[in-house]
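Below is one structure; the comments refer to it alone.
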Amino acid sequence: MTIDVDVRNLSLKYNDFEALKNISFHLESGKIHGILGRNGAGKTSLLSLLASFRESSEGSVKMDGEKPFENANIMQKVTFIYEKDYKDETEKVKGMLEAVERYRPDFDTNYADHLVKIFKLPLEKPVNKLSKGMQSALNVTMGLASRSPLTIFDEAYLGMDAPTREIFYKELLADQSEHPRTIILSTHLVSEMDYLFDEVIIIDKGALVLQEEYETLASRGASITGVTNLVDDFVSGMHQLSEQKLGGTKSVMVYGDISDKQRNEAQQKGLEVGPISLQDLFIHLTREEA
Amino acid sequence: MKQKSIFPKVAVDLFFVQLTWSVWFIGFVLLAHIVMITVSLNTGSALGDYLLFSHSSAKIYMLVIGIISAYAFLTFYVNHGVTRKDYFRGSALAAVGVAIAISLIATLLSGLEYMIIEMTNLPVTLDRSLADGSIESSDNSISIVLPKEIISSSILVHSSSWFVSMLMYSLNILSLYVIGWLIGAGYYRFGWVIGFGFIAIALVSIVIGDLLWGTELGEPLSNWLPFDSISLSLWGSVAGSIVLIGIILSFIRIITRRVTIKM
């Protein structure tokens, strides 16, 4: 079971500060959506609106056509996983999972047990005695095992070491293929998570920069490498993200569609057209203007 | 498809969580009470029974867990997909349940206490009229409903008064719980500066509650009042407290209806 999300002209103000500015997008159900943004870009503000943790100043959020805020039907289907402050949480891991089980109708106990095993979570240990990475693993376990139609992971990997993050990504993909739901992953670890995304949303300073399918996005950027003047010639008129020079060779990153004709032309001139990573795109699209 | 309402589940869970806390509380008060009985055995002075002995500490205890409840449960429940409304309903029902449970346990313990003293012939005098200092000084015409009602009845003998004692005990501690909850909700929503305002509202509510039960006002703040106490019939007091609790609950609901959840 999955739900779709429709956000229209969403704005959020904290006193004078505009955390979100007139954001609109649609999240197709059953897909993994990556939300990328720099620190303070408004990711968590946006996600807390989706999770009904707060109300927007303007605009609307709809899930399956219904407003989620204080809507018991929808709220029960939305799980929001974020970095919680567990320093006063004396409940044991087991107790936490039991509580989630009580309130999440789609919770799968066997799957939770499986995750507990592979994350090596100590069931009898109080949560505030767990390491940061273990607390995140517990959060992820609760998030995945809830199998909520809309599951939001807000930088859920914080504190996890690389192998643990790898387990998280693997489990996410494996479980998603068996039990499709709408998943939102917010992150700034773009390079190691890009392969997870079906769709990508980039926000910067509270505004939507782009929403694109990952495949499209990846094919829309390119790096053009070759002899300096030929490269300059070729990229003139294109949206240039960055350039690097080494001796007589130059490499320019461009953003935008490159037609087959252009590709042929590049080939004839001896220029190399390579892909660029989402990470590069993200960095350049959200770069501060000097 | 409409899902089954979830607030009864919230109520049951919150009731048992807080009952577990309360068992600790009752244990400590009982321990203190037993120590007092031992002292009383040696000094020969009279002592209030458990119901009276535990009454004021139960009030403070309920105030404290009321304050804690907003912080402990609101974020938890909304994070688990429960609406603020269901949280509120469940939490309110659980509070009623906890108040009744604590007073029921207190009543049963008092009964047990009388029984044990009777059976063992311990030279202890349990006397409610001596345990509360305010009664001795109550030689004015203003009635002090709460202690009098309890004094005039040995809860073991008169079942109606037994019930009345329990009812009063429950309503008293329940009103302190909702007052605490109001403080907690005020702080949760508005932060600590405006939160102080809620402490002021809470103090006024406590004074009103005391007035309703005809208890003499101990708070220095109430000196400006033109009267020390008002006299209501028992059922007037009961109705008054229920109204007071209702008003405070509606304040809490207004504060938490659309509150931003702390992360």
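The values are calculated or read from the model by the stated rules, or taken from the named source; none is laboratory data. Bear in mind that the values here come from a model prediction, so they are computed numbers and not experimental data. Cβ atoms come from the backbone with ideal geometry, glycine included; neighbour counts cover every protein chain shown. The protein model used for the area step is the full one, side chains on, heavy atoms only, and it has no ligands, DNA or RNA in it. Shrake-Rupley method; radii C 1.70, N 1.55, O 1.52, S 1.80 Å.
Return the FRET efficiency for the residue pair A:ARG102, B:VAL23: r is the Cβ-Cβ distance, R0 is 25 Å, and the value is rounded to the nearest 0.05.
It comes to 0.70.
Mind putting a number on the dipole of the stretch A:5-205 about its Cα centre? Charges go on the C-beta only, +1 for Lys and Arg and -1 for Asp and Glu, and I need it in Debye to the nearest 20.
Here the size comes out at about 300 debye.
With the Cα gyration tensor of the stretch A:164-208 giving a ≥ b ≥ c as the square roots of its eigenvalues, does the rule (a/c under 1.5 for rounded; else a/b larger than b/c for prolate; else oblate) give rounded, prolate or oblate?
Because a/c hits 1.5 or more and a/b fails to exceed b/c, the stretch A:164-208 counts as oblate.
As an exercise, use a Förster radius of 41 Å and the Cβ-Cβ distance of B:LYS4 and A:GLN240 to find the FRET efficiency, rounded to the nearest 0.05.
0.10
log₁₀ I(q)/I(0) of the stretch B:12-65 at q = 0.20 Å⁻¹, via Debye over equal Cα point scatterers, no solvent, to two decimals?
-0.74
At a threshold of 8 angstrom on Cα-Cα distance, excluding pairs fewer than six apart, so keeping six or more, what relative contact order does the stretch A:5-205 reach in percent?
30
What share of Cα pairs, in percent, lie more than 22 angstrom apart in the stretch A:21-114?
42
What is the interface area between chains A and B, defined as buried accessible area summed over both chains with a 1.4 Å probe, reported in Å² to the nearest 100?
Protein heavy atoms only, the A-B interface buries about 2200 Å².
Could you work out Rg/(2.2 N^0.38 Å) for the stretch A:219-285, with Rg from alpha carbons only?
Expressed relative to 2.2 N^0.38 Å, the Cα Rg reads 1.01.
Once the Cβ-Cβ distance between A:GLN262 and A:SER57 is put in as r, and R0 is 56 Å, what FRET efficiency do you end up with, to the nearest 0.05?
So the FRET efficiency works out to roughly 0.80.
Could you put A:ILE183, A:ILE283 in order of accessible surface area, largest first, with the 1.4 Å probe and the full protein assembly present?
Of A:ILE183, A:ILE283, the descending order of accessible area is A:ILE283, A:ILE183.
In peptide A:70-76, how many Cβ atoms from other protein chains are near each Cβ within 10 Å, on average?
6
Please report, for the Cα atoms of the stretch A:5-205, the Rg to one decimal and the Dmax as a whole number; what are they, in angstrom?
Taking only Cα atoms of the stretch A:5-205, I get Rg and Dmax of 16.5, 48 Å.
Hey, what D do you get for the stretch A:128-193 in µm²/s if you plug the Kirkwood alpha-carbon radius into Stokes-Einstein at 37 °C and 0.692 mPa s?
In µm²/s, the coefficient rounds to 270.
Can you give the % of DSSP beta bridges in the stretch A:5-205 that are antiparallel, to the nearest 5?
45
Could you give P(r) for the stretch A:142-290, binned at 5 Å from zero, as whole percent values over all Cα-Cα pairs?
2, 8, 16, 17, 15, 13, 11, 8, 7, 3, 1, 0
Only Lys, Arg, Asp and Glu count, each charged at its Cβ (+1, +1, -1, -1), so figure out the dipole size of the protein assembly as shown about its Cα centre, rounded to 20 debye.
Roughly 360 debye for the protein assembly as shown.
For all pairs of alpha-carbon atoms in the protein assembly as shown, what percent lies in each bin of width 20 Å, listed from the first bin to the last filled one?
In order of increasing distance, the bins hold 18, 39, 26, 12, 4, 1 percent.
Which order do the peptides A:148-158, A:164-174 come out in when sorted by mean C-beta neighbours inside 10 angstrom, highest first?
A:148-158, A:164-174
With a 1.4 Å probe and every protein chain left in place, work out the accessible area per residue of the protein assembly as shown in Å², rounded to a whole number.
Per residue, the protein assembly as shown has 46 Å² of solvent-accessible surface.
Hydropathy first: keep DSSP H helices in chain A averaging at least -0.5 on Kyte-Doolittle, then drop any whose Cα extent along the axis falls short of 20 Å, and list what survives.
Counting only whole DSSP H runs, the qualifying helices are A:132-146.
Can you give the three extents of the C-alpha atoms in the stretch A:1-73 along their principal axes, from longest to shortest, in whole Å?
Extents along the principal axes, in whole Å: 38, 25, 18.
What part of the accessible area of the protein assembly as shown, given as a whole %, is carbon or sulfur when the probe is 1.4 angstrom?
The C+S portion of the solvent-accessible surface of the protein assembly as shown is 58 percent.
Please report the net charge: other residues with Cβ closer than 13 Å to the Cβ of A:PHE234, K and R +1, D and E -1.
-1
Can you compute the modelled spin-label distance between A:ILE167 and A:SER191, with each label point 7 Å from Cα toward Cβ, in nm?
Between A:ILE167 and A:SER191, the simple spin-label model gives 2.5 nm.
Project the alpha carbons of the stretch B:51-113 onto their principal axes and report the range along each, largest first, in whole Å.
45, 17, 13
Using only Cα atoms, locate the centre of the stretch B:1-54 and the centre of the stretch A:220-271, then give the distance between them in Å, rounded to an integer.
77
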